[in-house]
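What follows is one structure encoded as structure tokens, with my remarks underneath.
The numbers here are math on the coordinates, done by the rules we state, and not lab data. Bear in mind the structure is a predicted one, so any value in this text is a computation, not a measurement. Here the Cβ positions follow ideal geometry from the backbone for every residue, glycine too, while neighbour counts run over all protein chains shown.
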Amino acid sequence: MEMMNLKGKKALVTGGSQGIGAQICRELASKGADVFINYYTNKDKAQFLADELKSNYGIQAIIGGADVSKPEEVQRLFKEMDDSLGGIDILINNAGSESNCHILDMDVDEWNRVVGVNLNGPFLCAQQAGRRMEQSGGGVIINISSIHDMVPR
């Protein structure tokens with residue numbers, strides 16, 4: 001079976017600095033893709049991962065902080081990716097947020113925060129990526145979900 005070759009492809013992974021997102025970044029880099037790592041709170045973790053990917057795989061790895069629930073931050077994130085990597089071929093919508101409170105105790109601000117990241121974030125990122133992919137002749141958008149979408153607290 002032939003190994004997937006992503007050399008020359010440019011990937012953005014939201015929520016890419018830790019957990020599943022970090023492992024997705026490693027897999028993409030191991031196949032030759034240049035990786036733009038989105039983080040929200042932990043710049044140091046994102047930079048450590050970017051340095052690891054560059055060292056281990058010889059690819060370009062760039063970090064960019066943004067709250068994917070905010071349209072202006074998503075627009076800025078994609079502009080940073082355009083400027084640093086020259087476009088996008090692969091979007092992995094991986095950023096996610098959860099609440100530790102029971103739904104009966106949740107206030108509307110907490111609800112909006114979770115929905116903003118988990119629902120609006122993938123929409124905003126897919127919209128930005130889709131526009132670029134349409135201009136460049138195509139690409140791939142993958143949305144990662146969670147069991148929390150099926151088993152609410």
| task | Evaluate the distance, in nm, between pseudo-label points positioned 7 Å from the Cα of GLU72 and of VAL140 along their respective Cα→Cβ axes. | result | 3.5
| query | Given H placed on each backbone N at 1.01 Å, which residues far from ILE141 in sequence or on other chains put an amide H within less than 5 Å of it? | reply | LEU91
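Sorted by packing (mean other beta-carbon atoms within 10 Å per residue), highest first, where do 127-139, 34-46 land?
Working: 127-139: 14.1, 34-46: 21.0.
Descending mean neighbour count gives 34-46, 127-139.
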| said: I'd like the Karplus ³J(HN,Hα) series for the range 104-109: coefficients 6.51, -1.76, 1.60, θ = phi - 60°, whole numbers in Hz, and an x wherever there's a Gly or Pro. | reply: 6, 9, 6, 8, 5, 5
| Cut-off under 5 Å, modelled amide H: who pairs with ILE63 long-range | ILE37
| If the viscosity is 0.890 mPa s and the temperature 25 °C, what Stokes-Einstein diffusion coefficient in µm²/s follows for the range 23-153 when Rh is the Kirkwood radius over Cα pairs? | 156
| task | Using label points projected 7 Å from each Cα along Cα→Cβ, tell me how many nm separate LYS45 and GLU110, to one decimal. | result | 2.1
| Segment ASP83-ARG131, extension gain: residue separation times 0.36 nm, minus the distance between their alpha carbons | 15.7 nm
| Which ordering of MET106, MET81 is given by a fewest-first count of other beta-carbon atoms within 10 Å? | MET106, MET81
| remark: Applied in sequence order to the range 80-85, the curve 6.51 cos²θ - 1.76 cosθ + 1.60 (Karplus, θ = phi - 60°) yields integer Hz couplings, x standing for Gly and Pro, of 4, 5, 4, 5, 8, 10
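Ordered by packing density, taken as the mean number of other Cβ atoms within 10 Å over each peptide's residues, highest first, how do 60-72, 110-122 rank?
Details: 60-72: 19.2, 110-122: 16.9.
Per-residue mean Cβ counts within 10 Å order the peptides as 60-72, 110-122.
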| request: List, in order, the whole-Hz ³J(HN,Hα) value for each residue of the range 52-67 obtained from phi through the Karplus relation with A = 6.51, B = -1.76, C = 1.60 and θ = phi - 60°; use x for Gly and Pro. | output: 4, 5, 4, 5, 7, 10, x, 9, 7, 9, 10, 10, x, x, 6, 8
